[in-house]
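Working notes, beginning with the structure itself.
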């Protein structure tokens, strides 16, 4: 990659999954922090479907990128076909393209491929069995095939495993944000976990700096898997109670619900949802319910390999607790705008204009017509300047051929 940077002014990269939390964070970073080094293209699935090999071939022949980053994923509750085609087949299609073009491939994987336990290393993986969830199975298969391609076909690839990702600008309510939503919505009456169960968390805002570093140091990071997570794991019950205290809500109460009781409740809810479908009412449990067992068992990723690498954490003091105030304000404001949560509406987004819009729309309309409906003066000045003759325009010189 260093040689490529010397030959070209900017490296051209293709980012898949740019609309997600990780992909969006990457796109924003490269656009604002490294505009002189990198030119990032983030085609939508309408322009480039990674499920279609021909789409990839045509697009890459035209763009000719210097590297590809794959941050795409199918929804957690996708059926077997979609999970296989997006998480596995799409990932391998991109890898085959990178292998042919001899360019680096950065692939994002998930802690879903790991067993439960603490101090889990990069070499650890679940056994590939039929009873895995579609998501975990497809992600695990992708990792195994990429490892095979790195060994047998000299694929220049780095696999980045993330744990529970947190960050702003996630338009989906999933993962950590599902937990935050449940507490804010006061729909979690008790603690659905055990005391002291620890999990690793991944700060989305730190990911781009690591990817940037990985791209610039291919000799060190090529052919490797890295766990990218905060150094210190988090006790789930402590995190839940911290969020509760921050939001000043009464629930969840500090009562730990046994796993057997939770599964019985899940069974009842599934039957109720099936019953409602008879009346044309669609009711679905959140996709995170498939990972209920995970909140009763620890999963702590070892970051020793990351810490011993040449990468330096740009904000070592940041973690889920330090980012929590900003996350709460951002997501409660967003959810209030979408009418998903009403309890905190006045606190986070209440203002005079909203009040007038709700209660006195006629008075608001008249005031806007009186004060705020005229053309913007700043743009009028621009139009006047554009109408003046341009001294550098040959057509204004008086002579023409």
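Brief remarks follow.
- Using the empirical formula 2.2 N^0.38 Å as the baseline, the Cα radius of gyration of the stretch 99-164 reaches a ratio of 1.17.
- Simple label model, 7 Å out from Cα along Cβ direction - residue 31 to residue 304, nm: 4.1
- Between the stretch 182-250 and the stretch 43-82, the C-alpha centres lie 27 angstrom from each other.
- Computed FRET value (nearest 0.05) for residue 61 with residue 213, which takes r as the C-beta separation and R₀ as 30 Å: 0.55
- The convex hull around the C-alpha trace of the stretch 40-186, projected and averaged over every direction, spans 10.5 square nanometres.
- For 206, 102, order by how many other beta-carbon atoms lie within 10 Å, fewest first: 102, 206
- The separation of the stretch 291-346 from the stretch 115-175, counted between C-alpha centres, amounts to 19 Å.
- Bridge orientation summary for the stretch 2-353: considering DSSP beta bridges with both residues in this region, about 5 percent are antiparallel.
- Taking every C-alpha pair closer than 8 Å and separated by at least 6 residues, the mean separation divided by the residue count of the stretch 1-108 gives a relative contact order of 29 percent.
- Placing dummy labels 7 Å off each Cα toward the beta-carbon, the span from residue 81 to residue 153 is 2.5 nm.
- Across all Cα atoms of the stretch 116-268, the radius of gyration (one decimal) and Dmax (whole number) stand at 18.7, 57 Å.
- Among 328-339, 61-72, the order from most to least packed when residues are scored by Cβ within 10 Å on average: 61-72, 328-339
- Working value for the stretch 2-353: equivalent-ellipsoid semi-axes of 35, 23, 21 Å, each the square root of 5 times a Cα gyration tensor eigenvalue, largest first.
- Once the Cα-Cα distance is subtracted from the 0.36 nm per residue extended length, the residue 379 to residue 172 segment shows a gain of 70.8 nm.
- Additional length obtainable on full extension of the chain from residue 340 to residue 46, 0.36 nm per residue less Cα span: 102.9 nm
Taken together, the values in this text are just the output of simple stated rules run on the coordinates, not laboratory data. Quick caveat: nothing in here was measured; it's all calculated off a predicted structure. No Cβ is skipped: glycine too gets one built from the backbone with ideal geometry, and neighbour counts run over all protein chains shown.
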